[in-house]
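As structure tokens, the structure follows; a few thoughts come after it.
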Amino acid sequence: MSNSIVEEPELISQIKEGSRTAFEILVSQYREKAFALAFGIVGNVEDAKDIAQEAFIRVYNNIKQFREEASFSTWFYRILVNLSKDRLRKNKYTKYSLSEPIAKNVEGGKEIFIEIKDLDYNPKRLALNKELDRMIDLAISELPEKQRLTFVLRHIEGMKIDQIAKILNCAQATVKVNLFKAVRNLRKELQPYIKEAE
């Protein structure tokens, strides 16, 4: 178990008492995850930086309202997701840039992999790989908002179903339905490209 998990309740207590040092420690523990999650949702580096910064400002200004019934991470990620959703609505589009293939998706208890294969530096296959990456980015960006958020939290951020449900303030069954629909829509959209890459 890491020190950050052990120390977190004490950090929260100190922040509530006005400790700037405790807040800086908390920020350092969540900075990278905050940026990665925001970027996974909005797909823009500058927007993701702004969202992460705004999320920390909101934490600092509202920490006294945080009731320790839920975990801090759930409360913080809910703030981050809501800010990201607001930014998406403001921008009315998103562009993803995935640095790695889409992870496994569970559909009916069966794992389904959508990935870009190693193309061994064959120029024609590399061009196809680049095109497939672009199509994955586009397909994710065109998912309905709830499906996109659920998919990013689960398969890009690696969060568990129950944590996603708490962050999105919905039932676990709703998360599962949105994941199922997201995977189905991505498979349908990407099917021609996956066949071509094989």
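The values are calculated or read from the model by the stated rules, or taken from the named source; none is laboratory data. If you're wondering where the values come from, they're calculated on a predicted model, not measured in any experiment. For the accessible areas, the whole protein counts, side chains as well, though only heavy atoms, and no ligand, DNA or RNA atoms are used. Shrake-Rupley method; radii C 1.70, N 1.55, O 1.52, S 1.80 Å.
General observations
- Accessible surface of region 1-81 [probe 1.4 Å, protein heavy atoms]: carbon and sulfur percent: 48 percent
- Accessible area of V59 in the full protein assembly, 1.4 Å probe (Å², nearest 10): 0 Å²
- Chain lengthening between N62 and K181 when straightened (0.36 nm per residue, less Cα-Cα): 39.3 nm
- Gyration tensor analysis over the Cα atoms of region 1-75 returns equivalent ellipsoid semi-axes of 22, 13, 11 Å (largest first, whole Å).
- Pairs from K90/K181; K85/K176; K90/K146; K85/K181 whose Cα-Cα separation, in the structure shown, is over 22 Å: K90/K181
- Backbone HN-Hα couplings from phi across region 74-83 [Karplus 6.51/-1.76/1.60, Hz, Gly and Pro as x]: 4, 4, 5, 5, 5, 4, 4, 5, 4, 5
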